1. Can you name every residue in the range 109-137 that is closer than 14 Å to Pro60 by Cα and touching an Asp or Glu at 6+ places or on another chain (Cβ under 6 Å)?
2. Could you list, in sequence order, the residues of the range 170-204 that are surrounded by 17 or more Cβ atoms within 10 Å (Cβ to Cβ) and at pLDDT below 70?
3. List every residue pair whose Cβ atoms lie under 9 Å apart, where the two residues are 6 or more positions apart in sequence or sit on different chains, the first residue falls within the range 43-66 and is closer than 13 Å to Pro112 by Cβ and aliphatic (A, V, I, L, M), and the second residue, located anywhere, is at pLDDT 85 or above and surrounded by fewer than 19 Cβ atoms within 10 Å (Cβ to Cβ).
4. List every residue pair whose Cβ atoms lie under 8 Å apart, where the two residues are 6 or more positions apart in sequence or sit on different chains, the first residue falls within the range 78-92 and is under 15 Å from Ser197 (Cβ atoms), and the second residue, located anywhere, is basic (Lys, Arg) and in a helix (DSSP H, G or I).
5. How about the range 259-270: which of its residues are part of a loop (DSSP other than H, G, I, E, B) and under 23 Å from the mean Cα position of the chain (by Cα)?
6. How many of the residues making up the range 246-258 are within 12 Å of Tyr206 (Cβ to Cβ) and either in contact with a strand residue (DSSP E or B) (Cβ under 7 Å, 6 or more places away or on another chain) or assigned to a helix (DSSP H, G or I) (or both)?
7. For Asp159, work out the one condition from (1) out of contact with any Gly (no Cβ under 9 Å at 6 or more places or on another chain); (2) within 25 Å of Phe215 (Cβ to Cβ); (3) not basic (Lys, Arg) it doesn't fulfil.
Amino acid sequence: MLKRIQIPILLFLAALPFIFESCKDENGNKKTINLFSVEDDKNFGAEVAAEIDADPVTYPVLDSASFPLAYGHLNRIKETIMNSGKVKYRDRFAWRFRIIRDDSVLNAFSTPGGYIYVYTGIIKFLDSEDQFAGVLGHEIAHADERHSTEALTKQYGTDVLFAILLGQNQGTLTQIAKGMIGLSYSRANESQADERSVDYLYPTEYDARGSARFFEKILANGGSSGPEFLSTHPSPDNRVADITKHWQDKGAKVGGTFEARYREFKQSLP
């Protein structure tokens, strides 16, 4: 159960319209408001993880004990990113990474609290470790910037969310947890995740343009079979340009791509 809020509810609800009206950017557009706490993110992530664990038909997660080499590679890449010093909630979120066996799906997704899932399809599709690290960095950013609960705030509105925060409507909470798998993010969220991926990788051994190389590979394959977020957000070529510019603004340090090591990762998969 999510932690109950500790503020006077009636006063807050009365002031809420004025809060929403005053939260605008310099162009007069309303800013996204996140009504959840960091602890709520952690609890929501645990809910989603439980839903995935309970549905092995839809989500055939590889057992880490049965595939230690694959998870060894995944966790090594994860720890390299986590040790960059750039992940804000490095020590507060779970950061549990899992591989879903489905070669037909070129996707990865994150949930609140640092639960990250990658499909074997996208692992096998990519050519180098920096590309994969770029994709992981993008998904880590969605959790680290708390984009999922931002999107829920916008999608479900204040009435439902306050009921959940008060410990009511637990059935709705379960429904929301299921809906967070494959949750669509805003254009601003996707752009921020692209930039944060560069920020995470830049201090590491990887070339920080890994996510741009991923988009370049999508373009080389016609751009029609990539992850779900490509269908609703700016084209991959624009994102390649934006990622590259952010990398240049940071100093344009060239890192490694590690193709041979990545082949070992792919060969360790079923």
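1. Within the range 109-137, the first condition is being closer than 14 Å to Pro60 by Cα, and the residues that meet it are 117-121.
Result: Tyr119, Thr120, Gly121.
2. Of everything in the range 170-204, those that are surrounded by 17 or more Cβ atoms within 10 Å (Cβ to Cβ) and at pLDDT below 70 turn out to be Leu173, Ala177, Met180.
3. Cβ pairs passing all conditions: Ala46/Ala94; Ala49/Ala94; Ala49/Arg96; Ala49/Arg98.
4. What qualifies is Lys86/Arg196.
5. Start the filter on the range 259-270 by keeping residues that are part of a loop (DSSP other than H, G, I, E, B), which leaves 268-270.
Leu269, the sole residue that qualifies.
6. Step one: list which residues in the range 246-258 are within 12 Å of Tyr206 (Cβ to Cβ), which gives 247, 253-258.
After this cut, where a residue has to be either in contact with a strand residue (DSSP E or B) (Cβ under 7 Å, 6 or more places away or on another chain) or assigned to a helix (DSSP H, G or I) (or both) as well, the list is 247, 255-256.
Final tally of qualifying residues: 3.
7. (2)
The values are calculated or read from the model by the stated rules, or taken from the named source; none is laboratory data. Small disclaimer: the values here were computed from a predicted structure and weren't measured. Methodologically, a virtual Cβ is constructed for each residue, glycine included, from the backbone with ideal geometry; neighbour enumeration extends over all protein chains shown.
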